[in-house]
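The numbers here are math on the coordinates, done by the rules we state, and not lab data. Just so it is clear, the model here is predicted, and its values are computed rather than measured. Neighbour counts are summed over all protein chains in view; Cβ atoms, including those assigned to glycine, are modelled from backbone coordinates with ideal geometry.
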């Protein structure tokens with residue numbers, strides 16, 4: 001089992017009230033320097049104190065290494081990750097993607113229950129395949145999973161352990177075991193997530209012909225846990241699709257049928273991708289193998305404008321009658337705008353001192369969804385928008401184009417994966433015009449305090465807000481976002 005004895009001290013709140021004790025040394029968790037380090041002067045972010053101008057550790061990280069794919073597996077009902085990596089790797093990830101993702105628990109197969117080979121010097125010298133095979137055998141005896149996914153760390157990938165061959169041996173015995181090479185040097189958990197989706201589809205989804213099921217829609221929704229609101233978001237998406245008479249094939253969480261949902265991927269009439277770039281490769285794999293068409297909607301809908309657009313696009317792609325779709329839209333918009341009218345007096349009174357400007361530091365999809373709602377429905381003005389998920393170069397023009405095309409309020413996004421530099425950009429902007437709305441993570445608390453701004457925590461890491469079934473998606477999600485935001489504004493005014 002995973003070694004849980006490592007010291008997670010060093011980051012803000014290690015052993016204290018400001019955080020869960022995020023790992024301070026470089027490693028697979030939210031690793032980096034401890035404090036908020038900002039550049040001198042106003043010319044933009046520079047190297048960290050004491051560092052040369054070359055590469056340095058990522059400060060105030062907002063994602064983890066590729067082995068963070070263990071949480072993709074954990075989000076699948078009945079799935080068990082088997083980590084072939086060194087002691088402490090899985091434990092750091094649990095800290096980063098459970099505690100720092102809105103204080104979510106690890107579940108029955110997560111946290112200290114994740115099976116691990118605890119890869120050591122002996123395996124470096126003599127190879128670790130025998131130990132992996134032994135660990136997998138033991139896991140099958142004590143963990144009642146529906147599927148198992150072997151995930152490799154840095155050392156096994158470097159020495160060349162053939163985890164795929166080990167997994168194949170178990171599949172030859174009729175056991176549902178997949179494998180993915182997710183050494184930390186492969187990239188972040190975004191890359192690990194993609195590799196794991198590919199592995200499950202490749203190894204465990206059979207090619208045997210199945211009839212297409214009327215109205216079945218595969219939902220590719222991005223990284224669970226990296227999105228702290230993933231549970232509530234999937235419930236919201238399910239509700240929207242069902243309102244059109246469709247049958248959503250949710251892949252994660254309690255809204256899903258677990259392994260059966262994955263085996264049903266070839267039976268769908270449509271695959272829906274709700275992220276700007278992640279999950280696209282998996283959806284294209286399903287299209288190329290089984291002919292399931294892909295509908296790519298880069299921003300998950302928040303509020304009435306985006307959600308109406310979403311429903312119409314899905315209805316057209318899925319062959320839902322236009323009249324039915326418009327009946328759903330009309331009913332939902334009537335309720336949404338009735339609530340908006342009831343709040344109009346408060347929202348339009350200048351004496352209430354409601355901030356008119358917002359700043360965002362978040363993953364590309366979250367930033368796009370929020371910015372669209374805040375501009376189109378709340379009439380706010382965007383300041384800096386910092387995109388932190390390091391999208392591939394080919395995806396960046398479309399993301400930037402979205403922000404440049406905001407109605408009457410174009411903005412040029414900054415792509416910055418280093419959380420310290422992202423925070424520095426944000427603070428410089430917030431300091432020029434204090435009293436803004438900041439949409440970010442727990443890292444931005446200090447910036448909000450320094451600039452008399454309000455902070456709504458919407459992206460990883462979140463260690464000082466409990467996230468359970470909360471979602472900002474859909475018509476109801478837009479109302480919930482407004483309620484949470486204005487609760488913070490009113491609380492700040494009365495402080």
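Rounded to the nearest 5, what % of DSSP beta bridges with both residues in the chain are antiparallel? Walk me through the numbers before you get to the answer.
Values: 2 of 43 bridges.
Bridges in the chain that DSSP calls antiparallel: roughly 5 percent.
Quick one: grab Rg to one decimal and Dmax as a whole number for the range 199-248, Cα atoms only, in Å.
Cα-based Rg and Dmax for the range 199-248 come out at 13.7, 36 Å.
Give me the number: length gained by fully extending residue 165 to residue 130, i.e. 0.36 nm times residue separation minus the C-alpha to C-alpha distance, one decimal in nm.
Working: separation 35, 0.36 × 35 = 12.60 nm, distance 1.14 nm.
Stretched out fully, the residue 165 to residue 130 stretch lengthens by 11.5 nm.
Which order do peptides 156-169, 213-226 fall in by mean Cβ count within 10 Å, highest first? Walk me through the intermediate numbers first.
Numbers: 156-169: 18.0, 213-226: 22.3.
Peptide ranking by packing, descending: 213-226, 156-169.
Can you compute the helix-only [θ] at 222 nm over the chain? Use -39500 (n - 2.57) per DSSP H run of at least 4 residues, normalise by all residues, nearest 500 deg cm²/dmol.
Numbers: 18 runs with 197 residues, N = 495.
Taken over the chain, the calculation gives -12000 deg cm²/dmol.
Given q = 0.10, 0.14 Å⁻¹, what are the Debye log10 I(q)/I(0) values for the chain, with equal point scatterers placed on the Cα positions and solvent ignored?
Evaluating at q = 0.10, 0.14 Å⁻¹ gives log10 I(q)/I(0) of -0.77, -1.43.
Translational diffusion coefficient of the range 298-404 at 20 °C, 1.002 mPa s, Stokes-Einstein with Kirkwood Rh over Cα pairs, in µm²/s as a whole number.
On the way: Rh = 15.8 Å.
Approximately 136 µm²/s, per Stokes-Einstein.
Listed highest first by mean packing, meaning other Cβ atoms within 10 Å per residue, what order do 469-476, 240-247 come in? Let's see the in-between values first.
Working: 469-476: 22.2, 240-247: 18.5.
For the peptides 469-476, 240-247, the packing ranking is 469-476, 240-247.
At 0.36 nm per residue, and after removing the present C-alpha to C-alpha distance, how many nm does the segment from residue 313 to residue 143 gain when stretched out fully? Could you put the intermediate results ahead of the total?
On the way: separation 170, 0.36 × 170 = 61.20 nm, distance 4.20 nm.
Length gained, residue 313 through residue 143: 57.0 nm.
Can you tell me the FRET efficiency between residue 257 and residue 432 if r is taken as the Cβ-Cβ distance and R0 is 45 Å, rounded to the nearest 0.05?
Working: r = 50 Å, r/R0 = 1.12.
For residue 257 and residue 432, the calculated efficiency is 0.35.
Can you compute the radius of gyration and Dmax for the range 355-495, using only the Cα atoms, both in Å?
14.2, 47
Sorting check: for 293-305, 181-193, which peptide has the highest mean count of neighbouring beta carbons within 10 Å, and how do the rest follow? The partial results should precede the final answer.
Numbers: 293-305: 21.1, 181-193: 22.7.
Most protected by this proxy first, the peptides run 181-193, 293-305.
Cα-based Rg (one decimal) and Dmax (whole number) for the range 147-237, in Å?
15.7, 48
Using the 2.2 N^0.38 Å rule of thumb for compact globular proteins, work out how the range 66-204 stacks up: its C-alpha Rg over that value, please. Could you put the intermediate results ahead of the total?
Working: Rg = 13.5 Å, N = 139, 2.2 N^0.38 = 14.3 Å.
Cα Rg divided by the expected 2.2 N^0.38 Å: 0.94.
Along the Cα→Cβ direction, 7 angstrom out, place labels at residue 210 and residue 120. What is the inter-label distance in nm?
Label at residue 210, label at residue 120, 4.3 nm between them.
Treating the Cα atoms of the range 216-318 as identical point scatterers in vacuum, please give the log10 of the normalised Debye intensity I(q)/I(0) at q = 0.09, 0.13, 0.17 Å⁻¹, two decimals.
The calculated log intensity ratios at q = 0.09, 0.13, 0.17 Å⁻¹ are -0.19, -0.40, -0.72.
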